[in-house]
Amino acid sequence: MIVQQKINVTRSSLPSFQEYCKEIQDLWETRWLTNAGVKHKVLEDDLKEFLVAKCLTLYTNGHLALEYAIQALGLRGEIITTPFTFASTTQAIIRSGCTPVFCDIDPLTYTMDPQKIECLISEKTTAIMPVHVYGNLCNVKEIQSIADKFSLKVIYDAAHAFGVSQKGISAANFGDVSMFSFHATKVFHTIEGGCLTYHDEALTKRLDELKNFGISGPEEVSSIGGNAKMNEFQAAMGICNLRHLDAEIAKRGAVVSRYHERLSNVKGIRLNSVQPETKPNHAYFPVLFDGFKYTRDEVFEKLAKEGITARKYFYPLTNSFTCYNGMEGFDPDATPIAQHVASHILTLPLYADLALRDVDSICSAILD
Ligand SMILES: *Cc1c(COP(=O)(O)O)cnc(C)c1O
């Protein structure tokens, strides 16, 4: 089957041009463009409500939010994390002067396997940083009980989990801190952006200071901060996008259903299923090609020939990045399940406006 137009793995949602213009119009009156402006305040409140988060701080991107969370919690030493993630998670740990210790993943949810955490804990361990991969929530209960037993902090990389809830509890409520990314490719975006959610109100002042050069008063700089503030144009984009989010997720859901109709029960193809009692956000459509008539790389090439971009996500594992060559503890062989998944998984195109006939073409290209 010939696909007429190129299909990318994702396509950013946008409000109408008019809606965005209307939202930013008053910025030409106020000339307040950044530093906790009016839009920033509105978005913070809207998101607190949407995510059911007690405390929330906005950032110019998700990655810096993660680095500032590590700094604000004063983490040192070793942080137990997963290699099956985007570069950001591991880079944030290392750039903050901490050492990542890699834990293998669960073969069904692709999230950190809590059974394998305890044996990685040493006297240097200060935190666990798991990832809600593809919006699949980690085993938060077991992770928390390990953290409590060993007095460790938990920071969730929830970049994929915006809008996900389990048993009525929003993903924003687990661990000490959760980070959400609002990058243009995510389910909800502010072009670039992100936030931290947390329960400890005392963190708010510290986080607000750290993301603004450590400035604590008109004539006082009390901590060693940097700059990670969200500006008013980003916040305005978020305010608009949030209005349409439920509809966007519903449209993504229809695409996901079509994929399931076409690809389930095919030998050697494993689809991701929604976890029990979970409200999904349909952020990604990962497919594991394991024992299928074509390898993952062959499927990737077949699709590319038809103008369809899939993504080897996450591949390679972060513990095999060339920038860490020769560093102790960076060994993909030590996380064999993650290694297997990384070499067999492909995320297929998924966005709200992906036409169902395009989903059919994609599936035919895979199956033919
Ligand atoms: C997108 C993403 C990030 C980084 O977020 P940015 O907003 O792009 O900085 C971190 N972790 C994961 C798992 C992501 O997917």
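The values are calculated or read from the model by the stated rules, or taken from the named source; none is laboratory data. Everything numeric in this text was worked out from a predicted model, so none of it was measured. Here Cβ is always computed from backbone atoms with ideal geometry, including for glycine, and neighbour counts include all displayed protein chains. All accessible areas refer to the heavy atoms of the entire protein, side chains included, with ligands and DNA or RNA removed. Shrake-Rupley method; radii C 1.70, N 1.55, O 1.52, S 1.80 Å.
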If we ask which residues in segment 179-217 are away from the ligand (no atom under 16 Å from the Cβ), more than 16 Å from residue 44 (Cβ to Cβ), touching a Gly at 6+ places or on another chain (Cβ under 8 Å) and in contact (Cβ under 8 Å) with a residue 40 or more places away in the chain, their number turns out to be 1
Among residues of segment 292-346 being over 18 Å from the mean Cα position of the chain (by Cα) and of a type in the set (Lys, Arg), the residue least open to solvent (accessible area, probe 1.4 Å) is 296
- Could you please let me know if residue 39 is more than 16 Å from the ligand (Cβ to nearest atom), over 30 Å from residue 320 (Cβ atoms) and buried (at least 22 other Cβ atoms within 10 Å of the Cβ)? yes
Residue hits (segment 141-156; out of contact with any Lys or Arg (no Cβ under 9 Å at 6 or more places or on another chain), open to solvent by less than 60 Å² (accessible area, probe 1.4 Å) and closer than 16 Å to residue 113 by Cβ) are 143, 144, 146, 154, 156
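Are there any strands (runs of 3 or more DSSP E) wholly within segment 251-368 with 1 or more residues that are among the aromatic types (Phe, Trp, Tyr), and if so which? Break it down stepwise before answering.
Working: elements: 269-271, 285-289, 345-348.
The strands (runs of 3 or more DSSP E) meeting that bar are 285-289.
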Condition set open to solvent by 30 Å² or more (accessible area, probe 1.4 Å) and within 17 Å of residue 345 (Cβ to Cβ), scope segment 268-281, selection modelled with the highest pLDDT: answer is 270
Can residue 134 be described as under 20 Å from the mean Cα position of the chain (by Cα), in a loop (DSSP other than H, G, I, E, B), crowded, with 20+ Cβ neighbours inside 10 Å and at positive phi?
-> no
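I need a count of the residues in segment 64-87 that are more than 23 Å from residue 202 (Cβ to Cβ), near the ligand (Cβ under 9 Å from one of its atoms) and crowded, with 24+ Cβ neighbours inside 10 Å. Write out each step before concluding.
Residues of segment 64-87 that are more than 23 Å from residue 202 (Cβ to Cβ), as a first pass: 78, 80-87.
Keeping just the survivors that are near the ligand (Cβ under 9 Å from one of its atoms) gives 85-87.
Okay, now just the ones that are also crowded, with 24+ Cβ neighbours inside 10 Å, so 85.
Final tally of qualifying residues: 1.
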